[in-house]
Amino acid sequence: MLKDITIGQYFPGDTIVHKLDPRVKILITFVFIISLFFINKFYPYLLVLGFILTVIKLSKVPFKYVFKGLKPLRFIIIITFFINAFMTKGVELFSIGPLTVSEEGLYQAIFMALRLIFLIMGTSLLTLTTSPISLTDGIEKLLNPLKIIGLPAHELAMMMTIALRFIPTLLEETDKIMKAQMARGADFESGNILNRAKNLVPLLVPLFVNSFRRADELAMAMEARCYRGGEHRTRLNEIKMDKIDFIVITIMTIFFGILISTRYI
Amino acid sequence: MSNTMINIENLTYKYSTIDEKSFTALKNVNLTVDSGEFLVILGHNGSGKSTLAKLMNALLLPTSGNVFVNGMDTKDEEKLWDIRQTAGMVFQNPDNQLVATIVEEDVAFGPENQGVDPREIRKRVDKSLEIVEMSEYKNHAPHLLSGGQKQRIAIAGVLAMNPKCIILDEPTAMLDPIGRKEVMKTIKKLNKEENKTIVHITHYMEEAVEADRIVVMEKGEIVMQGTPKEVFSKVKEMKEIGLDVPQVTELAYELRKEGIDLPTDILTVEELVMAL
């Protein structure tokens, strides 16, 4: 059951969106988030919607996958909506008991909710179309210049890769330990929160001990395979910018330029 | 090139524990491994065989005595990476030695660390995966493979570093019988077809039968060595140190005790059938 959880909901494909340099995709997502906060009217949202639909179409990711990303965050969206609706002062529209909804409040609420929805859809498109490996590769390359101020870019990327590699292994192990403890009468499913938390101890202790052992063995195996940090290291699949990447960068610069400038006209 | 791949002289290794006591894992071990040899080290838990393997790869350094890998002293820090490249190492737990989330990326890990040119890495990765017969899985995630397959990926990862010698530290201990067979087949192939020197550490007697030479370890010392036929013919001595001999050999031994005239060096079913 635990095996079904996938971290990084990558949707494999061979489209232009998938093939784009991960660095370009990460930067676009980054600028996309920033420009969302520049928008202060409704009509630029049409542009954003158009952009997201185009990317979905190009990447051939089923629409429901993109929508699934919204599900875990639906409460945040709803709460934001209501807080904005009730807390903004202005011309009264209607009231329910002590709570009043103003015209400005309703406007603000819809505006904020849309912003959040687009934000989540945009970022989940990044993880849907970029494999974890190229994502970490991209992050490593992007952080490289920060090495000057002492940021361990390679080490961070290596940590992410190992974490990704071991998530399924550890989930499997959790499942195994859980069953072993259940066979000996452990109870993970009843009682109040405090009791349940207490009952997790016999699960967490072996899991932690085993993780340390794994870490030790992995470190040894990595050393045996000549791992000595990021220096002088080459890559099997070196990421490099193509013509298409530059074309996309140009188009996106213009697009985001227009999007941001709508704030000032 | 010299004919000796690994040369161990008067090697002693002590583990120090927290309360300042030390535990001697290896006592005065002398051993040479020839180029192209298929050597099996037998011994049960705590006999020091895993420690010996780590000393051959400079993961541990001798307390006293010397270990030379292809003429390089493991104490020489400048030669450290050359030694690890010459003598690749495969560990027991297949899960804990795979680094990357995709098979071919993992095989590439070794040569990437060595700073090999990407095109050359590609060639080595493809070739290594072909040798271990895992080419069709190169884009799979390792956690979806079986134990035997994972272990073969680990072997491919070592192979991609172009080692002259491969040390396998109980690579079959955590596998099911099918996985064990696959891995043994691969190891034999490496020795016969790729001319790699193999140091195979195990406690399965059946795996030792096809070795060129067997070294038996007990309490940190080498107690017996010789060809499989020589070692396994000493059924009584093997039993005394708590080790088994292959089932067929034991059967022949028991039959001989009952007065049936059989040679002492029977290792396979065919040999026994022929002798009877």
R0 = 51 Å: FRET efficiency of A:His232 with B:Val273, Cβ-based, nearest 0.05? 0.35
Loop-resident trypsin sites (Lys or Arg not before Pro) in the stretch B:1-95 with no more than 15 other Cβ atoms inside 10 Å, DSSP not H/G/I/E/B, are B:Lys21, B:Lys75
Convex hull projection area averaged over all views, chain A, Cα basis, nm²: 21.0
Shielding by partners for B:104-111, please: the mean number of other protein chain Cβ atoms within 10 Å of each residue's Cβ. 4
Sort all Cα-Cα distances of the stretch B:4-245 into consecutive 5 angstrom bins from zero, then give the percent of pairs in each bin up to the one containing the longest distance. 1, 7, 14, 18, 19, 17, 12, 8, 4, 1, 0, 0
Counting every C-alpha pair in the stretch B:56-133, the percent lying more than 17 Å apart is 56
Violating pairs (Cα-Cα greater than 30 angstrom) within the set B:Lys229/B:Lys257; B:Lys14/B:Lys189; B:Lys150/B:Lys239; B:Lys54/B:Lys196; A:Lys179/B:Lys150; B:Lys138/B:Lys185: B:Lys14/B:Lys189; B:Lys150/B:Lys239
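Which of B:Ile241, A:Ile133 comes first, and how do the rest follow, when ranked by fewest Cβ neighbours within 10 Å?
With the sparsest Cβ surroundings first, the list reads B:Ile241, A:Ile133.
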Give the angle, between 0 and 90 degrees and rounded to the nearest 10, that separates the Cα long axis of helix B:103-114 from the longest principal axis of the Cα atoms of chain B. 80
For the ranges A:149-158, B:33-42, B:206-215, B:230-239, what's the packing order if you count other beta-carbon atoms within 10 Å of each residue, average per peptide, and put the highest first? B:33-42, B:206-215, B:230-239, A:149-158
About its Cα centre, the stretch B:4-245 carries a charge dipole, from +1 on Lys and Arg Cβ atoms and -1 on Asp and Glu Cβ atoms, whose size in debye to the nearest 20 is 300
Based on other C-beta atoms within 10 Å, arrange A:Met160, A:Met182 from fewest to most. A:Met182, A:Met160
Once amide H atoms are placed 1.01 Å from N in the peptide plane, what residues at a sequence separation of 5 or more from B:Leu168, or on another chain, have their amide H within under 5 Å of its amide H? B:Val90, B:Val199, B:His200, B:Ile201
Distance in nm between pseudo-label sites at A:Ala180 and B:Asp261 (7 Å out along the Cβ direction from Cα): 5.5
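In what order do A:Ile39, A:Ile258, B:Ile155, A:Ile96 fall by count of nearby beta-carbon atoms within 10 Å, going from fewest to most?
A:Ile96, A:Ile258, A:Ile39, B:Ile155
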Taking the Cα centre of each part, how many Å lie between the stretch B:11-71 and the stretch A:179-197? 45
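Using only atoms on other chains, find how many Cβ atoms lie within 10 Å of each Cβ of peptide B:85-96 and report the average.
4
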Calculate the tail of P(r) for the stretch B:159-237: the fraction of all Cα-Cα distances greater than 18 Å, expressed in %. 45
Could you tell me the center-to-center distance, by alpha carbons, between the stretch B:102-164 and the stretch A:51-123 in angstrom? 47
Treating only the Cβ of Lys, Arg, Asp and Glu as charged (+1, +1, -1, -1), what charge dipole size does the stretch A:130-265 show about its Cα centre? Round to the nearest 20 debye. 100
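Within a 10 angstrom radius of each residue's Cβ in A:58-70, how many Cβ atoms of other chains show up on average? Whole number is fine.
Shielding by partners across A:58-70 averages 0.
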Given 0.36 nm per residue, what is the gain on full extension from B:Asp76 to B:Thr32 after removing their alpha carbon distance, in nm? 13.9 nm
Binned at 10 Å from 0, what are the whole-percent values of the Cα-Cα distance distribution for the stretch A:189-241, short to long? 19, 24, 21, 17, 16, 4
Each label point is 7 Å from the Cα along the Cα-to-Cβ direction; what then is the distance between the points at A:Ile239 and A:Ile33, in nm? 1.6
Which log10 I(q)/I(0) values, to two decimals, does the protein assembly as shown give at q = 0.06 Å⁻¹ under the Debye formula with one point per Cα? -0.44
Distance (nanometres) between label positions extended 7 Å along Cα→Cβ at B:Lys189 and B:Gln247: 2.6
Unit charges at the beta carbon, dipole of the stretch A:14-69: most positive-side option, A:Pro62, A:Thr15, A:Phe42: A:Pro62
Anything over 28 Å Cα to Cα? Flag those among A:Lys147/B:Lys127; A:Lys64/A:Lys243; B:Lys75/B:Lys219, in the order listed. A:Lys147/B:Lys127; A:Lys64/A:Lys243
Say R0 is 22 Å: what FRET efficiency, to the nearest 0.05, do A:Phe208 and A:Leu156 get from their beta-carbon distance? 0.45
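Where a number appears in this text, it was derived from the coordinates with a stated rule and is not lab data. What you see is a predicted model, and the numbers here were worked out from it, not measured in a lab. Virtual Cβ from ideal backbone geometry, glycine too; neighbours counted across all protein chains shown.
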